[in-house]
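Report on the following structure.
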Amino acid sequence: MNDRRESEPMKNRTTVERKSDRELVVTRTFDAPARIVFEAWTTPNLFMRWWVPKSMGMVLRSCDMDVRTGGSYRLVFGHDDANSDAFFGKYIEVIPNARIVWTNDEGGDVGSVTTVTFEEKEGKTLLVLRELYPSKEALDAAGTGAADAMGEQFAQLDELLVTLGASAGRS
């Protein structure tokens, strides 16, 4: 099983592949060093600027992140307080500028585990995001909607990285 889709026709495409009955893999290259891409993933005020696709009309209402091995996170999305959802879990492994692994615990039972790696080559970062689900049924139930939205999310991250790179150059 290897379903593959690419989104946005730009040079740095987001690729979504179903690698097995339980695993979804998203890849994207960013025109920024790994330390800056990692910072955008681990700093709450930066994360809030790019994580929710603008086309959804929602906002990330709160973002609590203790990004360290053994730390936790809680993200609340929604249109308003009455219409919001929380996503939360624990960080299993954090290696600065290289790797983040976390659990997705909001499902009640055993949830998926997400692993994001940051590999720098010549000032660019290859990001690989792997979602491992406890079963084929769990992946089927999750669908690919969230993974498909990552094309837009990563375009928003691209925009943020440009501003972070510009401000890093001024410091």
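Simple spin-label estimate for Val162 and Val128 gives 2.9 nm between the two label positions (7 Å along the Cα-to-Cβ direction from each Cα).
Quick one: net charge of Pro96's neighbours, Cβ under 12 Å, K/R +1, D/E -1?
Values: positive: Arg35, Arg68, Arg99; negative: Glu39, Glu93.
In short, +1.
Just the number, please: Stokes-Einstein D of the range 64-142 in µm²/s, Kirkwood Rh from C-alpha pairs, 10 °C, 1.306 mPa s. Mind dumping the intermediate values first?
Working: Rh = 14.0 Å.
Stokes-Einstein gives a translational diffusion coefficient of 114 µm²/s.
Using bins of 10 Å that start at zero, the share of Cα-Cα pairs per bin across the range 38-100 amounts to 22, 50, 24, 4, in whole %.
Note the count of lysine pairs whose C-alpha atoms are less than 22 angstrom apart in the chain, limited to pairs 8 or more residues apart or on different chains.
Numbers: Lys11/Lys54; Lys11/Lys121; Lys11/Lys124; Lys19/Lys136.
So the count of such lysine pairs works out to 4.
A Gaussian network model of the chain, with springs between Cα atoms under 10 Å, assigns the largest mean-square fluctuation among Ala142, Ala98, Ala34 to Ala142.
Each stretch of four or more DSSP H residues adds -39500 (n - 2.57); spread over every residue of the chain, this sum gives -8500 deg cm²/dmol at 222 nm. Residues whose amide H comes within less than 5 Å of that of Gly71, counting only those at least five positions distant or on another chain, are Tyr91 (H built at 1.01 Å from N in the peptide plane).
Using the Cα centre as the reference, give the magnitude of the dipole from point charges on the C-beta atoms of the range 24-171 (Lys, Arg: +1; Asp, Glu: -1; all else neutral), rounded to the nearest 20 debye. Spell out each step's value before the answer.
Values: 14 positive and 21 negative charges, 101 e Å.
Value, rounded to 20: 480 debye.
Here, each number is a calculation from the coordinates, and none is a lab measurement. Model, not experiment: these values are computed from the prediction. Please note: Cβ atoms are built from the backbone with ideal geometry, for glycine as well, and neighbour counts cover all protein chains shown.
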